[in-house]
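Engineer: Pasting a structure here, questions to come.
The values are calculated or read from the model by the stated rules, or taken from the named source; none is laboratory data. Because the structure is predicted, anything quoted here is derived from the model rather than measured. Cβ sites come from the backbone with ideal geometry, for glycine too, and all protein chains shown count toward neighbours. Heads up: the accessible areas ignore ligands, DNA and RNA and are worked out on the full protein's heavy atoms, side chains in. Shrake-Rupley method; radii C 1.70, N 1.55, O 1.52, S 1.80 Å.
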Amino acid sequence: MNSAQKKELARLCPSVQWQVDMARFSSLRTGGTVEALVEVDDCGSLPGLLGWLAQEEITWQVLGGGSNILFTSGLHQGLFIRLRGGLDDIVLSQASGTDGEAGEQSVEVQAGVSMSLLVAWCLRQGLSGLEFMAGIPGTVGGAVAMNAGAYGGSMGDRLAAVQLLDWQGNAMEVPASALRFQYRKTTLPPECCREKCLITGASLHLKPAPAARIKEAMHEVFAQRKAKHPAGVASAGSFFKNPPGDYAGRLIEEAGLKGYRHGQAMVSAMHGNFIINRGGARPEDILSLMRFVQKRIYERHGIMLEPEVRFFECTEE
């Protein structure tokens, strides 16, 4: 961005940060530097911002909660948008209509709300349907974009509609019936994504249930995670998508790669599908380890493991 653009961006977004170390915003605790970062609490400011960015031909990317992102080393040009949200951004509306099942309730939630906050809110409201998300980090927008899920459930199961802004800041709403839900991916209809879009919110269908039953289901999910997943370490959670009919963690463990290291990046000794930062790992350490694991599994099984982590490649060193 030139000096005039930087000045105008600072006027549009007084909280803009410059030359930001993305290790601060990644659960892997490593990453390169971005030219500019804005954290947005009010989605009402986004149409004007996106319209200006389109006019100035400034590139932008939207970030979720940082649980599955990795920025390579170097300076990443453009603006990076991080959405945030709170309890005021979760609204219980009317009972579902013809598109939902009888007795369901409709919940409107902004994309920047953390999944942990939403799941806790559902417990207090006595609304069931998102228990499988207990313990999964990130934001609602990120969970919708990647159709996040676990233990047989996914966001697509509960989604009624998604609210979007197109690249010029124009608002639209897309019903779930027009979306394509795949494993760890939600695809928008072609007419919505000629250019990139930004998810601003979601409408969910949830069912009333006794709070005790919801809490018990959440505790079961937490217990399964605690038994299988390493805690207290810098990681992106499950690093690879499970291939059809198998589990990435099983393949990695069977290949004898648990505990394998590259620099300060290591395949977890507890769970094969976790790559952890032992402290001071560079993004390139993690990428090199990822490629080694992919190569080993492909050589043994002819399967190319696909990462769940979203990578931001740097075009300038």
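Engineer: What's the total number of residues in region 67-92 that are crowded, with 22+ Cβ neighbours inside 10 Å and either in a loop (DSSP other than H, G, I, E, B) or among the charged types (D, E, K, R) (or both)?
Structural biologist: Here the count works out to 3.
Engineer: Taking region 217-269 on its own, how many of its residues are in contact with a Gly (Cβ under 9 Å, 6 or more places away or on another chain), without any contact (Cβ under 8 Å) to a residue 60 or more places away in the chain, open to solvent by less than 20 Å² (accessible area, probe 1.4 Å) and not hydroxyl-bearing (Ser, Thr, Tyr)?
Structural biologist: Matching residues across region 217-269 total 7.
Engineer: So the check is Cβ under 6 Å with 6+ separation or different chains; which pairs have a first residue in region 56-77 that's in contact (Cβ under 8 Å) with a residue 60 or more places away in the chain and under 24 Å from GLY237 (Cα atoms) and a second one that's buried (at least 23 other Cβ atoms within 10 Å of the Cβ) and among the hydroxyl-bearing types (Ser, Thr, Tyr)?
Structural biologist: Correct list of pairs: GLY64/THR139; GLY65/THR139; GLY66/SER26; ILE69/SER26.
Engineer: For LYS295, all conditions in the list (1) open to solvent by 40 Å² or more (accessible area, probe 1.4 Å); (2) in contact with a helix residue (DSSP H, G or I) (Cβ under 9 Å, 6 or more places away or on another chain); (3) modelled with pLDDT of 95 or more hold save one; what is the number of the exception?
Structural biologist: (2)
Engineer: Restricting to region 41-52, give me the number of residues that are touching a residue at least 60 places away in the same chain (Cβ under 8 Å) and either open to solvent by less than 40 Å² (accessible area, probe 1.4 Å) or touching a helix residue (DSSP H, G or I) at 6+ places or on another chain (Cβ under 9 Å) (or both).
Structural biologist: Number satisfying all stated conditions: 7.
Engineer: Before we move on, is GLN61 within 23 Å of GLN110 (Cα to Cα), open to solvent by 10 Å² or more (accessible area, probe 1.4 Å) and under 23 Å from the mean Cα position of the chain (by Cα)?
Structural biologist: When the stated conditions are applied, GLN61 passes them.
Engineer: Counting just the residues of region 101-128 that are open to solvent by 20 Å² or more (accessible area, probe 1.4 Å) and touching a residue at least 60 places away in the same chain (Cβ under 8 Å), which one comes out nearest to ASN242 (Cα to Cα)?
Structural biologist: SER128
Engineer: Moving to a separate point now. Which is within 18 Å of the chain's Cα centre (by Cα) and closer than 23 Å to GLU104 by Cβ, of LEU198, LEU179, LEU165, LEU206?
Structural biologist: Result of the check over LEU198, LEU179, LEU165, LEU206: LEU179.
Engineer: Sort out which residues of region 17-52 are in contact with an Asp or Glu (Cβ under 9 Å, 6 or more places away or on another chain) and of a type outside the set (Phe, Trp, Tyr), and write them in order of number.
Structural biologist: GLN17, GLN19, VAL20, THR30, GLY31, GLY32, THR33, VAL34, ASP41, CYS43, LEU50
Engineer: From the list GLY259, GLY232, exactly one residue is closer than 20 Å to LEU70 by Cα and in a loop (DSSP other than H, G, I, E, B). Which is it?
Structural biologist: GLY232 is the lone residue from the list that is closer than 20 Å to LEU70 by Cα and in a loop (DSSP other than H, G, I, E, B).
Engineer: In region 3-30, how many are within 24 Å of PRO137 (Cα to Cα), open to solvent by 20 Å² or more (accessible area, probe 1.4 Å) and in a loop (DSSP other than H, G, I, E, B)?
Structural biologist: Number satisfying all stated conditions: 2.
Engineer: How about region 141-160: which of its residues are in contact with a helix residue (DSSP H, G or I) (Cβ under 6 Å, 6 or more places away or on another chain) and either in contact (Cβ under 8 Å) with a residue 40 or more places away in the chain or buried (at least 20 other Cβ atoms within 10 Å of the Cβ) (or both)?
Structural biologist: Those that are in contact with a helix residue (DSSP H, G or I) (Cβ under 6 Å, 6 or more places away or on another chain) and either in contact (Cβ under 8 Å) with a residue 40 or more places away in the chain or buried (at least 20 other Cβ atoms within 10 Å of the Cβ) (or both): ALA143, VAL144, ASN147, ALA148, ALA150, TYR151, MET155, LEU159, ALA160.
Engineer: What number of residues within region 31-43 are in contact with a Cys (Cβ under 6 Å, 6 or more places away or on another chain) and either of a type in the set (A, V, I, L, M, F, W, C) or assigned to a helix (DSSP H, G or I) (or both)?
Structural biologist: Selection size over region 31-43: 1.
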